[in-house]
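The values are calculated or read from the model by the stated rules, or taken from the named source; none is laboratory data. Just so it is clear, the structure is predicted and the values come from calculations on it, not from any experiment. All Cβ positions, glycine included, derive from the backbone under ideal geometry; neighbour counts span all protein chains shown.
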Amino acid sequence: MLNNTLIISNNKLVKEKLSTFAEVTLIEGTLLQTMEQSRDLIHGGYILLTHPLSGSIKPNQTPFKSIALEKRQGPVDFDSLTVMEESLARTRTLINDKATPDWPEKYLEDFRIIDLDLIKNALKI
C-alpha cells in the first residue's frame, strides 16, 4: 500500500485494479470534475504526485483522468496549485474549442486502460 497516496479518478478500472495499492476515490463525473476535486484537495494541503495533463491524449479527447495526490494537511502547496490551475485552464480551453466525442463503449474501454497504465507507471505500481 502506498502510504499517504490518494488517487482521484473517474475511471472505474482504476478503482477496481489499484484499490489494494492506494486509496482511490471514484468520481462519478467528468474529467474536468475529477480535476476540480483534486484542486479542492490541494487547497486543503494535499500535494500533486502526478501531473494532471500526463500522457499524450488531450483532455478533450479522453473522458478519463486519474490524478495521484499526497494526503497532507497544512499550508497550500503553491507549486501544486499552480500546476493544477494551469491544467484546468488548458482543459477548459480545449473542451470549449472542441468537446470530447461521445465515444462508443469499445473506445471507452481503451481510454480506461490507457489511463490505468499512465497512473500505474507514474506511481511505479
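Give the number of residues within the stretch 24-64 that are of a type in the set (Gly, Ala, Ser), surrounded by 15 or more Cβ atoms within 10 Å (Cβ to Cβ) and on the phi < 0 side of the Ramachandran plot.
Total meeting the criteria: 2.
Cβ-Cβ distance below 9 Å, separation of 6 or more or different chains: which pairs start in the stretch 93-122 with a residue that is more than 13 Å from Pro59 (Cβ to Cβ) and end on one that is surrounded by 16 or more Cβ atoms within 10 Å (Cβ to Cβ) and charged (D, E, K, R)?
Leu116/Lys17; Lys120/Lys17
Could you tell me whether the stretch 68-81 includes any residue that is touching a Pro at 6+ places or on another chain (Cβ under 8 Å), of a type outside the set (Phe, Trp, Tyr) and surrounded by 14 or more Cβ atoms within 10 Å (Cβ to Cβ)?
No, the conditions are met nowhere in the stretch 68-81.
Cβ-Cβ distance below 6 Å, separation of 6 or more or different chains: which pairs start in the stretch 28-57 with a residue that is closer than 12 Å to Thr91 by Cβ and end on one that is of a type in the set (D, E, K, R) and at pLDDT 95 or above?
Listed by first residue and then by second, the contacts come to Leu31/Lys65; Thr34/Lys65.
Which of the numbered conditions does Leu49 fail, given that it passes all the others? Conditions: (1) touching a helix residue (DSSP H, G or I) at 6+ places or on another chain (Cβ under 8 Å); (2) within 14 Å of Leu116 (Cα to Cα).
(2)
Quick check on Lys65: is it under 13 Å from the mean Cα position of the chain (by Cα) and of a type in the set (Lys, Arg)?
For Lys65, the condition - under 13 Å from the mean Cα position of the chain (by Cα) and of a type in the set (Lys, Arg) - is met.
Applying the selection to the stretch 15-27, what residues are over 21 Å from Phe111 (Cβ atoms) and free of Cβ contacts under 8 Å to residues at least 24 places away in the same chain?
Of everything in the stretch 15-27, just one residue is over 21 Å from Phe111 (Cβ atoms) and free of Cβ contacts under 8 Å to residues at least 24 places away in the same chain, namely Thr20.
For a quick check of your reading of the model, give me the residue pairs whose first member lies in the stretch 1-14 and is outside any helix (DSSP H, G or I), whose second is crowded, with 19+ Cβ neighbours inside 10 Å and among the acidic types (Asp, Glu), with beta-carbon atoms closer than 7 Å and at least 6 apart or on different chains.
Final answer for the pair search is Asn11/Asp115.
Return the residues of the stretch 40-95 that are under 27 Å from Tyr107 (Cα atoms) and charged (D, E, K, R); say none if nothing qualifies.
Lys58, Lys65, Arg90, Arg92, listed by residue number.
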